[in-house]
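Data block below; observations after.
Please treat every number below as a calculation from the coordinates, not as lab data. These numbers were taken from a predicted model, which means no experiment stands behind them. For neighbour counting, all protein chains shown are included, and Cβ atoms are generated from backbone atoms with ideal geometry for every residue, glycine included.
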Amino acid sequence: MKDILFTKDAPAAIGPYSQGTAFGNLVFTSGQIPLDPVSGEVVGSGIEDQSRRALDNLKAVLIAGGSSPEQVLKTTCYLADLADFAAFNAVYSEYFGSEAPARSCFAVKALPRGVLVEVEAIAWRK
């Protein structure tokens, strides 16, 4: 049976989905965008600040599922502008370091609330 994940340390879902789910020893996060968990407002106007907030939200959901960034197997990252790729990578490497998970990264036409970045993950848990 799957577990529905929820933490007040990440923004509540803005649609008909959960922050994440877990099944057995796997954790699946929904895409996390740079919303403040308390106010629900977009944080920052640049890619660096927005990336940090989105990754902080991702980390909070992973922890709620009994996992962590170190246990992430795969991420999927969405950027509103591929010109932000290098700046996003710089922030991403702060969270995942030299043993980064497998990753796909796409430029998309638009993201919810007009944000610049969204990140989702699949991780393992003990």
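Figures for the structure shown
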read-out: Residue, surrounded by the most Cβ atoms within 10 Å (Cβ to Cβ), within region 26-45, restricted to residues that are free of Cβ contacts under 8 Å to residues at least 12 places away in the same chain and of a type outside the set (D, E); value: V43
read-out: Enumeration of residues in region 1-29 that are assigned to a loop (DSSP other than H, G, I, E, B) and in contact with a strand residue (DSSP E or B) (Cβ under 6 Å, 6 or more places away or on another chain); value: K2, P11, S18, Q19, N25
read-out: From T21, T7, T29, residue being of a type outside the set (A, V, I, L, M), touching a helix residue (DSSP H, G or I) at 6+ places or on another chain (Cβ under 8 Å) and more than 18 Å from S104 (Cβ to Cβ); value: T7
read-out: Filtered residues of region 21-58 (kept if more than 21 Å from V91 (Cβ to Cβ) and of a type outside the set (V, I, T)); value: A22, F23, G24, N25, L26, F28, S39, G40
read-out: Residue ID - nearest to A83 (Cα to Cα), chosen from residues in region 43-70 that are within 13 Å of the chain's Cα centre (by Cα) and β-branched (V, I, T); value: V61
read-out: Boolean, K126 is more than 15 Å from the chain's Cα centre (by Cα) and either surrounded by 14 or more Cβ atoms within 10 Å (Cβ to Cβ) or closer than 22 Å to I4 by Cα (or both); value: yes
read-out: Restricting region 48-71 to residues that are out of contact with any helix residue (DSSP H, G or I) (no Cβ under 7 Å at 6 or more places or on another chain) and within 17 Å of R103 (Cα to Cα), the residue that is surrounded by the fewest Cβ atoms within 10 Å (Cβ to Cβ); value: E70
read-out: The listed residue being surrounded by fewer than 17 Cβ atoms within 10 Å (Cβ to Cβ) and under 28 Å from P16 (Cβ atoms), out of A80, A86, A121, A110; value: A110
